Amino acid sequence: MNAVSDSPLHQRDCDTDYRTAQPIASEYLAELLPQISGWKVSPDHQLDTLSCRYKRQDFADAIALAAAIGVIADRQNHHPTLLVEYGAVTVTWWTHAIGGLHLNDLIMAAKTDKIAIIKG
């Protein structure tokens, strides 16, 4: 299936049955990354992660964004690392069960972008 013709990432749901899960193929990752501009793939302690920093007006606004991300993360049963500081939230996604990036991480990055726009 062609990744570009699939539904947009933010409209998909996570598949949290990791029994046969594999890291996302680099070609598929390259096709999907344009849907989540501003996100960076980087190795962190020997594994790939996906992260983005959202600027906010103050600490209360940063906490509100982190809380909203927490709600969608619980709904999707896929949870990020959140760094909340005055005026910013850094969100990092990766799939613990496979020790790297999975399609779920890109789905959640896209959902995070939608939340950040609404809360921004």
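Only the coordinates and a few stated rules stand behind these numbers; no lab work does. It should be emphasised that the depicted structure is a prediction, and the values quoted were computed from it without experimental measurement. Because the Cβ atoms are built from the backbone with ideal geometry, glycine has one as well, and the counts that use them run over all protein chains shown.
Brief remarks on what is shown
- Among (1) under 21 Å from SER7 (Cβ atoms); (2) in contact with a Pro (Cβ under 8 Å, 6 or more places away or on another chain); (3) not aromatic (Phe, Trp, Tyr) - the single one GLU27 does not satisfy: (2)
- Residues of the range 61-120 satisfying the condition of being surrounded by 14 or more Cβ atoms within 10 Å (Cβ to Cβ) and among the hydroxyl-bearing types (Ser, Thr, Tyr): THR90, THR92, THR95, THR112
- When ASP48, ASP17 are screened for being farther than 18 Å from ALA116 by Cβ and in contact with a Phe, Trp or Tyr (Cβ under 7 Å, 6 or more places away or on another chain), only ASP48 passes.
- Matching residues in the range 70-112 - criterion: being of a type in the set (S, T, N, Q) and in contact with a Phe, Trp or Tyr (Cβ under 9 Å, 6 or more places away or on another chain): THR81, THR90, THR95, ASN104, THR112
- Boolean, ASP74 is touching a Gly at 6+ places or on another chain (Cβ under 9 Å) and over 24 Å from GLN46 (Cα atoms): no
- When the residues of the range 20-45 are filtered to those that are touching a residue at least 60 places away in the same chain (Cβ under 8 Å) and loosely packed, with under 14 Cβ neighbours inside 10 Å, the one that is farthest from HIS96 (Cα to Cα) is GLY38.
- Residue in the range 103-112 that is basic (Lys, Arg) and out of contact with any Gly (no Cβ under 7 Å at 6 or more places or on another chain) present: yes
- Out of ASP6, ASP17, sole residue that is free of Cβ contacts under 8 Å to residues at least 60 places away in the same chain, under 16 Å from HIS78 (Cβ atoms) and not basic (Lys, Arg): ASP17
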